[in-house]
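Below is one structure; the comments refer to it alone.
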Amino acid sequence: QCQVNVPEDQADKLLLASWGLPKAVLEKYHSLGVVQMFEWQAECLMLGQVLEGKNLVYSAPTSAGKTLVAELLILKRVLETRKKALFILPFVSVAKEKKCYL
């Protein structure tokens with residue numbers, strides 16, 4: 001298990017606005033009440049070369065925020081590379097929710 005903490009001088013990384021997402025994407029997240037991440041979510045995004053497309057395996061309890069990490073990784077890659085992505089979700093209810101706002 002790799003444990004990485006967000007350094008104090010990078011605390012702004014907890015804010016969604018710090019990750020280079022388009023204004024429309026940020027506004028949608030903000031309208032859903034998502035303005036910042038938990039520290040563990042930012043840690044996931046800061047590990048190795050995950051933002052450059054390297055693999056990431058992470059685990060967290062139900063409703064802890066795993067999907068947000070996947071969404072941010074997918075959004076950044078799709079927007080930066082202009083390629084398509086396949087987002088596989090475990091439940092129909094989650095898939096319907098994501099369909100409405102992604």
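A few comments on the model shown:
- Qualifying residue in the range 65-73 (condition: outside any helix (DSSP H, G or I) and within 22 Å of L14 (Cα to Cα)): yes
- Matching entry among L68, L89 (being under 20 Å from Y101 (Cα atoms) and modelled with pLDDT under 90): L89
- The listed residue being open to solvent by 80 Å² or more (accessible area, probe 1.4 Å) and touching a strand residue (DSSP E or B) at 6+ places or on another chain (Cβ under 6 Å), out of Q49, Q36: Q36
- When the range 15-45 is filtered for residues that are over 11 Å from the mean Cα position of the chain (by Cα), closer than 16 Å to K76 by Cβ and touching a residue at least 40 places away in the same chain (Cβ under 8 Å), the ones remaining, listed by number, are G20, P22, V25, K28.
- All conditions in (1) open to solvent by less than 60 Å² (accessible area, probe 1.4 Å); (2) not in a helix (DSSP H, G or I) hold for N55, with the sole exception of (1).
- Residue count for the range 82-102, restricted to those that are assigned to a helix (DSSP H, G or I) and either in contact (Cβ under 8 Å) with a residue 12 or more places away in the chain or open to solvent by 70 Å² or more (accessible area, probe 1.4 Å) (or both): 9.
- Among the residues of the range 54-102, those that are of a type in the set (D, E, K, R) and either in contact with a helix residue (DSSP H, G or I) (Cβ under 8 Å, 6 or more places away or on another chain) or over 18 Å from F38 (Cα atoms) (or both) comprise K54, E71, K76, R77, E80, R82, K83, K84, K96, E97, K98, K99.
- Answer residue from the range 1-21, given it is assigned to a loop (DSSP other than H, G, I, E, B) and either at positive phi or open to solvent by 60 Å² or more (accessible area, probe 1.4 Å) (or both) and is modelled with the lowest pLDDT among those: Q1
The values are calculated or read from the model by the stated rules, or taken from the named source; none is laboratory data. Predicted model only: the values in this text are computed from it and were never measured. As a convention, Cβ positions derive from the backbone with ideal geometry for all residues, glycine included, and neighbour counts pool all protein chains shown. In case anyone asks, the SASA skips ligands and DNA or RNA and just uses the protein heavy atoms, side chains included. Shrake-Rupley method; radii C 1.70, N 1.55, O 1.52, S 1.80 Å.
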